[in-house]
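What follows is a short report on a single structure.
The values are calculated or read from the model by the stated rules, or taken from the named source; none is laboratory data. These numbers come from a predicted model, not from an experiment. Cβ coordinates were reconstructed from backbone atoms using ideal geometry, including for glycine residues, and neighbour counts include every protein chain displayed.
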Amino acid sequence: MKVTTIGTGYVGLVTGACLAEMGNHVVCLDVNPEKIRVLNEGGIPIHEPGLDSVVARNVAAGRLQFTTDVDAAVNHGTILFIAVGTPPGEDGSADLQYVLAAARSIGQRMTDYKVIVDKSTVPVGTAEKVNAAIREELDKRGATATYSVVSNPEFLKEGAAVDDFMKPDRIVVGSDDEQATLMMRALYAPFTRSHDRLMVMDVKSAEFTKYAANAMLATRISFMNELALLAEKVGADIELVRRGIGSDPRIGYQFLYAGAGYGGSCFPKDVKALVRTGREYGQDLKVLNAVEDANDRQKLVLVDKVVARFGEDLAGKRFAVWGLAFKPNTDDMREAPSLTIIEELTRRGAAIAAYDPVAMSEASKVLSANPGVSFCERAEHALPDADALVIVTEWKEFRTPDFDRIKAELKQPVVFDGRNLYEPTLMKALGIEHHAIGRGTTT
Ligand code: NAD
């Protein structure tokens, strides 16, 4: 099939590359010429495990192209995915300007039947707005081309995006149109061969499903983070509690880790947008309001622990920070808890020596205005003369570090373990002062 993705970011690029892998001919469009230049020169503008080889293979096979040429891109695809950003607007609602601009750019050019797919995460009712924007553009130029708008929210996880796209848990298609549904089924058939995981539903339910999924996941995290705060006060260990409750299949083990708060390009904005949708419809979403509040507080938990240990004035103090990306296996810094933590520590006068396995380049852009931050090429280079080590992202390489070196290089052996990577008993045996989340402090 001929496919176009409008937007070549995390979602658009992965979607385009994985569809090309199944034999489709894909054109990926972006308004950012730099991104397209990098791709056309054989580079990958984001860090996503396994993506480079899929892209390279399909470019070489002539099935995957990158362009800034809107005419060519709209003309190419029979199925056009809109995969542009939907950042939060000032009031928390999803900002649809990029989605609607993409819709208009389709309406201004299309001459034959197209299936327009909302892949971006968009509030209930957006498909109608996309439909109206296209209709308006067609009417303006007196064109009569037919089209269908379907919703196909994306559930991939950054850091495992290629795998998630290739082996999806489910593919949700919101469609009120039989022809479009058939085409979506055909497009996704190679991804659901073992058993059918494609669910067709009405458009609004599909749009809602994506928000419901992210809101549920964010709720689990905030729930555990809040219990972790209490666990510390009552002297319980949240890790043992996690295992205790996760064993119940109704609860399950996944997404139950207490930590330094959730971040990223999805959970914060999607929770906000759903709360906002609730407000628009006169429905106060009490649980989700609390989920957001709890997360805002949780992003400060490590800072509170540092302040409790070293005092409010951190002038002259230096901290090694391991992990900057909002989660492992990505370079995405959007809404990363590390940003809040670093800002709060440097605001109190501290100097930060930061390290991340892949997000250094992104992080240095976002943190360039903060003179208190320096970047280190290797994790251990951040340690010398630091008053403590602060772990913010649970990269694998931090799981079994050289503890002797940590002890030797830090001014004093103090670790703030924002992802509960280390067993308190081991830390005690090693003589490391260990501040964990929901597990108390081991000295
Ligand atoms: P992104 O910022 O990485 O990519 C969006 C791209 O769209 C950018 O490269 C931008 O230049 C481009 N763009 C903007 N307007 C355009 C236009 N008119 N024409 C062509 N290109 C245009 O964003 P992302 O992370 O890929 O997210 C895209 C959407 O998918 C969002 O709604 C997001 O919520 C949703 N989503 C993201 C993830 C994720 O893990 N990143 C997962 C599921 C869903």
For segment 380-393, pairs from a residue that is modelled with pLDDT under 95 to a residue that is surrounded by fewer than 20 Cβ atoms within 10 Å (Cβ to Cβ), with Cβ under 7 Å and 6 or more apart or across chains, are none
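When the residues of segment 34-44 are narrowed to those that are part of a loop (DSSP other than H, G, I, E, B) and under 23 Å from the mean Cα position of the chain (by Cα), which ends up farthest from the ligand (Cβ to nearest atom)?
It comes out as Gly43.
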Answer yes or no as to whether Asp248 is without any contact (Cβ under 8 Å) to a residue 12 or more places away in the chain, surrounded by fewer than 17 Cβ atoms within 10 Å (Cβ to Cβ), within 25 Å of Ile391 (Cβ to Cβ) and acidic (Asp, Glu).
no
Residues to consider are Thr86, Thr15, Thr5; find the one that is in a helix (DSSP H, G or I), buried (at least 19 other Cβ atoms within 10 Å of the Cβ) and either touching a residue at least 24 places away in the same chain (Cβ under 8 Å) or within 11 Å of the ligand (Cβ to nearest atom) (or both).
Thr15
With the first residue restricted to segment 422-443 and required to be on the phi > 0 side of the Ramachandran plot, and the second required to be charged (D, E, K, R) and not in a loop (DSSP other than H, G, I, E, B), Cβ contacts under 8 Å at 6 or more apart or on different chains are Gly431/Lys407; Gly438/Glu232; Gly438/Glu239; Gly440/Glu232
Among (1) of a type outside the set (A, V, I, L, M, F, W, C); (2) touching a helix residue (DSSP H, G or I) at 6+ places or on another chain (Cβ under 8 Å); (3) within 29 Å of Lys233 (Cβ to Cβ) - the single one Tyr422 does not satisfy
(2)
Quick one: Asp112 ticks every box in (1) within 12 Å of the ligand (Cβ to nearest atom); (2) surrounded by fewer than 18 Cβ atoms within 10 Å (Cβ to Cβ) except a single one, so which number is it?
(1)
Taking the residues in segment 117-145 that are within 13 Å of the ligand (Cβ to nearest atom) and part of a loop (DSSP other than H, G, I, E, B) as candidates, determine which candidate is farthest from the chain's Cα centre (by Cα).
Pro123
Please determine whether any residue of segment 106-119 is more than 23 Å from Val173 (Cβ to Cβ) and in contact with a helix residue (DSSP H, G or I) (Cβ under 6 Å, 6 or more places away or on another chain).
yes
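For every residue, the table says whether it meets (1) crowded, with 24+ Cβ neighbours inside 10 Å; (2) of a type in the set (D, E, K, R).
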site: Cys266; (1), (2): yes, no
site: Lys286; (1), (2): no, yes
site: Ala290; (1), (2): no, no
site: Ala315; (1), (2): no, no
site: Gly323; (1), (2): yes, no
site: Ser338; (1), (2): yes, no
site: Glu344; (1), (2): no, yes
site: Ala351; (1), (2): no, no
For residues that are of a type in the set (Gly, Ala, Ser) and part of a loop (DSSP other than H, G, I, E, B), scanning just segment 203-253, find the one that is farthest from Ile171 (Cα to Cα).
Gly235
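Suppose we filter Ala429, Ala408, Ala353, Ala369 for residues that are of a type in the set (Gly, Ala, Ser) and in contact with a Phe, Trp or Tyr (Cβ under 9 Å, 6 or more places away or on another chain); which single one remains? Even if it seems obvious, please write down each step before you answer.
Details: Ala429 fails: in contact with a Phe, Trp or Tyr (Cβ under 9 Å, 6 or more places away or on another chain); Ala408 fails: in contact with a Phe, Trp or Tyr (Cβ under 9 Å, 6 or more places away or on another chain); Ala369 fails: in contact with a Phe, Trp or Tyr (Cβ under 9 Å, 6 or more places away or on another chain).
Among Ala429, Ala408, Ala353, Ala369, only Ala353 is of a type in the set (Gly, Ala, Ser) and in contact with a Phe, Trp or Tyr (Cβ under 9 Å, 6 or more places away or on another chain).
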Number of positions in segment 146-201 that are away from the ligand (no atom under 15 Å from the Cβ) and charged (D, E, K, R)
8
Of the residues Asp177, Asp163, Asp169, Asp196, only one is under 28 Å from Leu288 (Cβ atoms) and assigned by TED's automatic domain parsing to the domain that holds Tyr98; which?
Asp169
Residue hits (segment 46-72; crowded, with 19+ Cβ neighbours inside 10 Å and within 30 Å of Ala273 (Cα to Cα)) are Ile46, His47, Glu48, Leu51
Going by the structure shown, is Glu48 within 11 Å of the ligand (Cβ to nearest atom) and without any contact (Cβ under 8 Å) to a residue 24 or more places away in the chain?
no
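Of the residues that make up segment 269-283, is at least one closer than 30 Å to Glu423 by Cα and among the hydrophobic types (A, V, I, L, M, F, W, C)?
Let us first name the residues in segment 269-283 that are closer than 30 Å to Glu423 by Cα, namely none.
Within segment 269-283 (the criterion being closer than 30 Å to Glu423 by Cα and among the hydrophobic types (A, V, I, L, M, F, W, C)), the answer is no, since none of the residues qualifies.
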Which listed residue is near the ligand (Cβ under 10 Å from one of its atoms), at pLDDT 95 or above and either outside any helix (DSSP H, G or I) or more than 29 Å from Thr126 (Cβ to Cβ) (or both), from Val31, Val99, Val27, Val59:
Val31
